Amino acid sequence: MLDWKSLPAFLAVARHGSLRAAAEQMGATHATMRRQVEALEARLGAQLFRRGTDGFHLTAAGRTLLPDALEAESALLKGFNAVQGLDREASGRIRLSADPMTAHFLLAPVLADFSALYPDIEIELNLSFDITSIEKLETDVSIRHVTKVDEDVVGRKLFPLSIGIYAAREYLDRALPKAGPKGQGLTWIGYGPVPELQHFIDTSPFPKARVRHRVPDPEMHLHMARAGAGMTVLASWVQARFPELQRVPGTDLDTRRSTWVLLHSDLRRVRRVRLFVDYLCAALMERRADFIG
């Protein structure tokens, strides 16, 4: 493999005709320049310079290599110029991860407004109920509703996120008066074997209500509850968006979770990310009543 440090040394000697002058230009020593030139000659199996009393002169092999070396140098400089200061620009791509419920119903207008303000910043949005790792560079910025943050990241804790038990008003008017003392006759919309849902069921006034269905998608829970399929656990902001839903009487809100905006510590100095995180946090704080319920 070519040692790329030897290429600048070759070009410096070719330009100056002297190891000493080349070394001064490169901020290196005379001996270092000699080693790099000799290493390149050994790697190529060709003598690149003829050493004379009046300095270093390119051989035929050196003259053949020179145009390609200059082209490589030009390409590198072009790349350096393109990258230099990029982190100070309000342009480029930001990878954002969020859960689909938040994104679909609360985040879309925030992203639209930000895009109008900063047309050269692109948002790549990953929607998943799984936690995308910031430490493993799977995302740049993440919106999470969690009880604690386990990753070694930088974050802003915005406000609590309320979780409650909701059902359609029509369903409650119809089914609640006929229910047994512990919820017999009522229906839960199930997630499957999810301990968190079971905790809500066990600690609710309706531990004996029947758990039906196996629906892993919270958004489908929302739509099934709106259609009158039963009770389920949802973020409290759904009631403001969908007035046909009601928090089930006798139940309390769970406020153990908080909404966080998280990012990798290395990205704090990147201007486009800083702009986005500041705007995102301000916009979410304006909507805090929706999140808190």
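Pairs are defined by a Cβ separation below 7 Å, a sequence spacing of at least 6 or placement on different chains, a first member in segment 50-69 that is open to solvent by 90 Å² or more (accessible area, probe 1.4 Å), and a second member that is part of a strand (DSSP E or B); the pairs so defined are ARG50/HIS57. Restricting MET224, MET220 to residues that are in contact with a strand residue (DSSP E or B) (Cβ under 9 Å, 6 or more places away or on another chain), of a type outside the set (Asp, Glu), assigned to a helix (DSSP H, G or I) and modelled with pLDDT under 95 narrows the list to MET220.
PRO177 passes every criterion in (1) under 20 Å from GLN239 (Cα atoms); (2) assigned to a helix (DSSP H, G or I) apart from (1). Here is a check on your reading of the model: is SER97 surrounded by 10 or more Cβ atoms within 10 Å (Cβ to Cβ), at pLDDT below 80, under 29 Å from ALA235 (Cα atoms) and among the small types (Gly, Ala, Ser)? So SER97 fails the test. Condition first: among the aliphatic types (A, V, I, L, M), within 17 Å of the chain's Cα centre (by Cα) and at pLDDT 90 or above. Can you find one or more residues in segment 63-75 that meet it? Looking for residues that are among the aliphatic types (A, V, I, L, M), within 17 Å of the chain's Cα centre (by Cα) and at pLDDT 90 or above, one finds none in segment 63-75, hence no. Can you name every residue in segment 160-199 that is closer than 15 Å to VAL215 by Cβ, crowded, with 19+ Cβ neighbours inside 10 Å and either of a type outside the set (Val, Ile, Thr) or touching a helix residue (DSSP H, G or I) at 6+ places or on another chain (Cβ under 6 Å) (or both)? Hits for segment 160-199 are TYR166, ALA167, TRP188, ILE189, GLY190, TYR191. Within segment 120-144, the set of residues being touching a residue at least 60 places away in the same chain (Cβ under 8 Å), of a type outside the set (Lys, Arg) and surrounded by 19 or more Cβ atoms within 10 Å (Cβ to Cβ) comprises ILE121, ILE134, ASP140, VAL141, SER142, ILE143. Looking at ASP266, ASP252, ASP278, ASP290, just one residue is touching a residue at least 12 places away in the same chain (Cβ under 8 Å) and either part of a helix (DSSP H, G or I) or surrounded by 17 or more Cβ atoms within 10 Å (Cβ to Cβ) (or both), and that residue is ASP290.
Among what's in segment 145-159 and is open to solvent by 10 Å² or more (accessible area, probe 1.4 Å) and in contact with a Phe, Trp or Tyr (Cβ under 8 Å, 6 or more places away or on another chain), pick the residue that is nearest to HIS264 (Cα to Cα). That would be GLY155.
Of the residues making up segment 168-196, just one is touching a residue at least 60 places away in the same chain (Cβ under 8 Å), out of contact with any strand residue (DSSP E or B) (no Cβ under 6 Å at 6 or more places or on another chain) and of a type in the set (D, E, K, R), namely GLU170. Count of segment 233-249 residues, restricted to those that are in a strand (DSSP E or B) and not small (Gly, Ala, Ser), is 5.
The values are calculated or read from the model by the stated rules, or taken from the named source; none is laboratory data. No experiment lies behind these values; they were computed from the predicted model shown. Cβ sites come from the backbone with ideal geometry, for glycine too, and all protein chains shown count toward neighbours. The area values use the complete protein model at the heavy-atom level, side chains included, leaving out ligands, DNA and RNA. Shrake-Rupley method; radii C 1.70, N 1.55, O 1.52, S 1.80 Å.
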